[in-house]
Amino acid sequence: MGEAGKRAAGEAAAVLVEDGMRLGYGSGSTVAHFLEVLASRDPDVAGLPTSEETAARCRDLGLPLLDPADVEDLDLVVDGADEVDPQLDLVKGGGGALLREKVVAWSGSRMVIVATPDKLVERLAAQFPLPVEVVPFARWHVERVLRGFGFEVSARDGGDYRTDNGNVILDARLPGGIEEPELMEWTLAALPG
């Protein structure tokens, strides 16, 4: 599928954009194609980016950005996925923008996930690690809890990697994958830090 597939996914998402919309701009290579297609159409839109990298890309393309303080809701959020299972559960945040992606997604009245067929898996987190964004103070606690659930955990770049929010990313693989993604999501979201 490669870049041609990513471009096709970006083009399909751009068709949904109408003048006057307030958009959420996700992160990743497929979203980068969406942004290029969108900019080429020169629509009357503004967007809230999920990462500093996406913000810089939008500025380069001339796409107006929104200030997070001024955003109550977004008409449409376009983002990518690292993995998609048969029930359409997702792993997101592999690029390190997990927290901001969640905030922007929460603000959207509609969300479109752009993904190519190579992202389809039987079970999440068996191949691609589940990224878990953690405040540095809670890193060791969360890492121990994840290991207790059976995950193989490594801190990205040995713990030196920092998100745009200054947090650590723990990459967690689960041999055999996650059996109940919704339950795991709720369990992990309840962890302090």
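Residues that are open to solvent by 80 Å² or more (accessible area, probe 1.4 Å) and over 26 Å from PRO86 (Cβ atoms) do occur in region 123-139, at least one of them.
In this structure, VAL145 qualifies as β-branched (Val, Ile, Thr), surrounded by fewer than 20 Cβ atoms within 10 Å (Cβ to Cβ) and not in a strand (DSSP E or B). Only one entry of GLU52, GLU72, GLU3 meets the criterion of being open to solvent by 30 Å² or more (accessible area, probe 1.4 Å), modelled with pLDDT of 95 or more, acidic (Asp, Glu) and farther than 28 Å from LEU183 by Cα, and that entry is GLU52.
The residues on offer are SER40, SER107, and the sole one that is closer than 30 Å to ALA155 by Cβ and not hydrophobic (A, V, I, L, M, F, W, C) is SER107. Could you look through region 148-164, keep only residues that are outside any loop (DSSP other than H, G, I, E, B) and out of contact with any Leu (no Cβ under 7 Å at 6 or more places or on another chain), and pick out the one that is modelled with the lowest pLDDT? That would be GLY159. A single member of GLY150, GLY166, GLY176 is open to solvent by less than 60 Å² (accessible area, probe 1.4 Å), touching a residue at least 24 places away in the same chain (Cβ under 8 Å), closer than 19 Å to GLU101 by Cβ and not hydroxyl-bearing (Ser, Thr, Tyr), and it is GLY166.
Residues in region 25-46 that are more than 13 Å from ALA8 (Cα to Cα) and not basic (Lys, Arg): TYR25, GLY26, SER27, GLY28, ALA39, SER40, ASP42, PRO43, ASP44, VAL45, ALA46.
The values are calculated or read from the model by the stated rules, or taken from the named source; none is laboratory data. Small disclaimer: the values here were computed from a predicted structure and weren't measured. No Cβ is skipped: glycine too gets one built from the backbone with ideal geometry, and neighbour counts run over all protein chains shown. To get the accessible areas, we keep the full protein, side chains included, count just its heavy atoms, and leave off ligands, DNA and RNA. Shrake-Rupley method; radii C 1.70, N 1.55, O 1.52, S 1.80 Å.
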